[in-house]
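Read-outs throughout are calculated quantities, based only on the coordinates presented, and are distinct from any laboratory measurement. Here the structure is a predicted model, which means the values were calculated and not measured. Cβ placement follows ideal geometry from the backbone for every residue including glycine, while neighbour counts extend to all protein chains displayed.
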Amino acid sequence: MKKLPPNLFFRLNRAANLLEIEVDDLLLMGVSGSIFLSTIIHQYEGVLYQAGNLPPDHGSKDIENLLFGSIISTREDTERYLNEGVFDGMKCLASGLWHVPSDFIASLAGVKRAPDIPLIFSPAYIKKELDITSGRYFFYDFREHDTTVSSVEDLYISRPLVEYIAESMDKNQPIPSILHLGSHDLYEKEFKNIEHGNRARHSLNRENSIMALIYVKRHYPEECKGKNGKETNEAWANATIDHWPHVGGDYDEPSTDDLKKIISDMDRLPEKRTTAGKKKS
């Protein structure tokens, strides 16, 4: 093995070159669950959950030990939430290096089709032992949002795992599977009911947003017009946000972009809609 540069993580082709193996070797280790392979995400909107019971020393230290990642929540009690290590259902934005589930890696490697379930990322930590025992999962529905994980070139490997592979090669030993569950099994065991609840909640949020848009359009039509005096999606969405305190029904305020997507769908047939009123599958 070549001498490692002081990187926190590496692209797969670079790691393979340093280890003097092939990228395929890394992919197959990822598919079998022997190692974690990761991707870099930027402000993905999703929900953070924990699976099973965590030891008492998990909490804010767990987050501090992220290798190259961040979790941002808009909750007012986020600090308490993190310190106590209670993550069930914390809506947040995740960025940085996160591990990709093994069955999704298998689809990128051409071994099998990607499962039609949300991506379930897990954090990349400074120590591989935390990778294995953390029990944290970031639940991201790529069916409703875009994802940057589309090819093998989007995958990375953390430094601790490169070192782990090198140790195993020196001992001429195979690496056993450290992942007990693929994302499909994990989804069925831990998150299936959660997703159904999330979908019901998202449906209510969209329904409320549509009603708010209609109310604002009927009662404040002039505010839905742009500088040229013509109605625009941007002006209509901004007017709805401006009146949200009394038209939002105590629901969380949506983003202007979300409202504009709903407005755009109003001019589309069901099969062309992307957010609301999509054709039944």
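For the set Lys230/Lys260; Lys2/Lys171; Lys2/Lys128; Lys230/Lys279; Lys225/Lys260; Lys230/Lys272, the pairs lying more than 19 angstrom apart at their alpha carbons are Lys2/Lys128; Lys230/Lys279; Lys230/Lys272. Each Lys or Arg adds one and each Asp or Glu takes one away; over the other residues whose Cβ falls under 13 Å from the Cβ of Glu20, this sums to 0. From least to most packed, judged by other beta carbons within 10 angstrom and beginning with the fewest, Trp98, Trp236, Trp244 follow the order Trp244, Trp236, Trp98. Maximal additional length on extending the Lys2-Glu207 stretch stands at 68.1 nm, based on 0.36 nm per residue less the C-alpha distance.
Computed over neighbours whose Cβ is under 10 Å from that of Arg273, the net charge equals +2, Lys and Arg +1, Asp and Glu -1.
Find how much the distance from His219 to Asp25 grows on full extension, using 0.36 nm per residue of separation minus their present alpha carbon separation; answer in nm with one decimal.
This chain segment gains 63.6 nm when fully extended.
3J(HN,Hα) along the range 93-105, derived from phi through the Karplus expression 6.51 cos²θ - 1.76 cosθ + 1.60 where θ = phi - 60°, amounts to 10, 10, 9, x, 8, 9, 6, 9, x, 4, 6, 6, 4 Hz, with x in place of Gly and Pro.
Rg over Rh for the range 203-272 works out to 0.96, both radii taken from alpha-carbon positions and Rh defined as the Kirkwood radius.
Taking amide H as placed 1.01 Å from N in the peptide plane, Arg273 has its amide H under 5 Å from the amide H of Lys279, each at least 5 places away in sequence or on another chain. Coupling constants for the range 159-165 follow from the phi torsions by the Karplus curve (6.51 cos²θ - 1.76 cosθ + 1.60, θ = phi - 60°), and in residue order they are 4, x, 7, 4, 5, 5, 5 Hz; glycine and proline get x.
Spin-label model, Arg14 to Met169: label points 7 Å out along the Cα-to-beta-carbon direction sit 1.6 nm apart. For a quick check: with amide H placed at 1.01 Å from N, whose amide H comes under 5 Å from Ile175's, ignoring anything fewer than 5 positions away on the same chain? Those qualifying (amide H under 5 Å, at least 5 residues apart or on another chain) number zero.
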